[in-house]
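> Sharing a structure here in structure tokens format.
The values are calculated or read from the model by the stated rules, or taken from the named source; none is laboratory data. As the structure is a prediction and not an experimental result, all values here were calculated from the model. Virtual Cβ from ideal backbone geometry, glycine too; neighbours counted across all protein chains shown.
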Amino acid sequence: MTSELGRRLARRIAVAGPMSVAEFMAEALGHPTLGYYRRALPIGADGDFTTAPEISQMFGELLGAWLAERWQAMGRPSPVRLVELGPGRGTLMADALRATRGVPGFHGALDLRLVEISKPLRALQETVLSGYRPAWHERFDDVPEGPLLLIANEFFDALPVRQFERTAHGWNERMVGLAPDGTTLAFALSPGPSPFARLLPAALRDGDSPPGTVAEISTAAIDLANRIAARLVQQRGWSLIVDYGRDAPAAGATFQALRGHRPVDPLERPGETDLTAHVDFAALAETARAGGARVFGPTGQGTFLRRLGIEQRADALKGRATAEQRDAIDAALARLIAPGQMGTLFRVLAMGDDRSPAPAGFSDET
Ligand SMILES: C[S@@+](CC[C@H](N)C(=O)[O-])C[C@H]1O[C@@H](n2cnc3c(N)ncnc32)[C@H](O)[C@@H]1O
């Protein structure tokens, strides 16, 4: 049995023909009333997935220290727009702000702006962040002008991707159509090569991939990176993007669905299932550089957090913890930084203006 949104999309496809995977993903996550992020409380043990700030307070605390350092490096602008894209339960921001209370002048300068489409999550954010008087926006572009500090953890992976498949004739687009029963959603290929395939990285598009190879691109992610970089360059500021993804152009289908922490068919119950795709960090970095921003990374989350001192922070927390709590801190630390876990799967990318010194956590400008 599909969902209410699944039935509506099937009716639309019956009339208007197949839709791109990107259109499907945008509807399934963002439909004004039935989209996944409009109605569900997805994050945490009872939800569909868990994120780094929900694993340990150390994550938000260290990102807070990174932001405060960037603010100082920028010459302590006041006000500064502190923007989080997709703040989830508000945990990351609450930990970041608690950890930076002692930075002279920082909190007084902050103007907190949360970009969030989920009403249930906005309500949670309000409970944990009300002391900082946040304002909410539907879109990044609605954030008022001015110097910017921006973070986004597991936000870009929710932006729609197009998928292409190599055929004997070129790159056809993978579409969402209907199965022979006329009601079940099913993948289908565009009848001919897709004009949108020109957007794929040249190395991939023009390489000799065998038929059946799948490649993805998120024009929404590239467009957003472009707009963020333009603001950082024009109005000063720094941003930090953390997500799972790849550092270089690569083939492969990463569009996937999770429900109750388990992988499921992405077409099965749209609106009731989390949909994600790996972030193409190479494309984001290239876009930001082309827009004149300085770019650092992508680097592994484990390396980044170790450089910021997560092991020392874990030791400090363990110093005043029970034996059981010490075990929990060690387990959380391993999940966040161990290779093969989030430590290498998750990548961190910083972009910023060219008037401040290099940020902490990265070895070199890239
Ligand atoms: C995977 S959750 C990550 C939450 C949080 N950053 C964390 O690390 O726990 C994605 C967040 O982005 C929000 N979101 C998803 N798509 C969005 C969009 N197009 N515009 C604004 N917010 C969006 C969701 O409601 C949610 O808060």
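> For region 221-236, state whether one or more residues are exposed (fewer than 15 other Cβ atoms within 10 Å of the Cβ) and assigned by TED's automatic domain parsing to the domain that holds PRO18.
No: zero hits.
> Run down ALA358, ALA334, ALA316, ALA288 and say which single residue is away from the ligand (no atom under 16 Å from the Cβ) and modelled with pLDDT under 95.
Numbers: ALA334 fails: modelled with pLDDT under 95; ALA316 fails: modelled with pLDDT under 95; ALA288 fails: modelled with pLDDT under 95.
Of the residues listed, the single one that is away from the ligand (no atom under 16 Å from the Cβ) and modelled with pLDDT under 95 is ALA358.
> What is the residue count in region 237-270 for residues that are surrounded by fewer than 16 Cβ atoms within 10 Å (Cβ to Cβ), small (Gly, Ala, Ser) and within 22 Å of GLY35 (Cα to Cα)?
So the answer is 1.
> Moving to a separate point now. For region 137-153, what are the residues that are within 18 Å of the chain's Cα centre (by Cα) and either assigned to a helix (DSSP H, G or I) or not assigned by TED's automatic domain parsing to the domain that holds GLN72 (or both)?
Matches in region 137-153: PHE140, ASP141.
> In region 120-133, which residues are more than 11 Å from the ligand (Cβ to nearest atom) and in contact with a Leu (Cβ under 6 Å, 6 or more places away or on another chain)?
Just the residues of region 120-133 that are more than 11 Å from the ligand (Cβ to nearest atom), to begin with: 123, 126-133.
The answer is TYR132, and nothing else.
> For residues in region 85-102 being among the basic types (Lys, Arg) and not in a helix (DSSP H, G or I), which is nearest to SER56 (Cα to Cα)? Give the derivation first.
We begin by selecting, within region 85-102, every residue among the basic types (Lys, Arg); these are 89, 98, 101.
Next, only the ones that are not in a helix (DSSP H, G or I) stay: 89, 101.
Values: ARG89: 13, ARG101: 19 Å.
Going through the qualifying residues, I end up with ARG89.
> List the residue pairs whose Cβ atoms are under 7 Å apart, where the first residue sits in region 340-355 and is closer than 13 Å to THR51 by Cα and in contact (Cβ under 8 Å) with a residue 24 or more places away in the chain, the second is among the aromatic types (Phe, Trp, Tyr) and surrounded by fewer than 15 Cβ atoms within 10 Å (Cβ to Cβ), and the two are 6 or more positions apart or on different chains.
Listed pairs, sorted by first residue: none to list.
> Also, I was wondering about something else. Check whether at least one residue in region 134-144 is free of Cβ contacts under 8 Å to residues at least 60 places away in the same chain and either away from the ligand (no atom under 13 Å from the Cβ) or crowded, with 18+ Cβ neighbours inside 10 Å (or both), and report yes or no.
In the first step, residues of region 134-144 are kept if they are free of Cβ contacts under 8 Å to residues at least 60 places away in the same chain; the result is 134-139, 142.
Restricting the remaining residues to those that are either away from the ligand (no atom under 13 Å from the Cβ) or crowded, with 18+ Cβ neighbours inside 10 Å (or both) gives 134-135.
Yes, the conditions are met somewhere in region 134-144.
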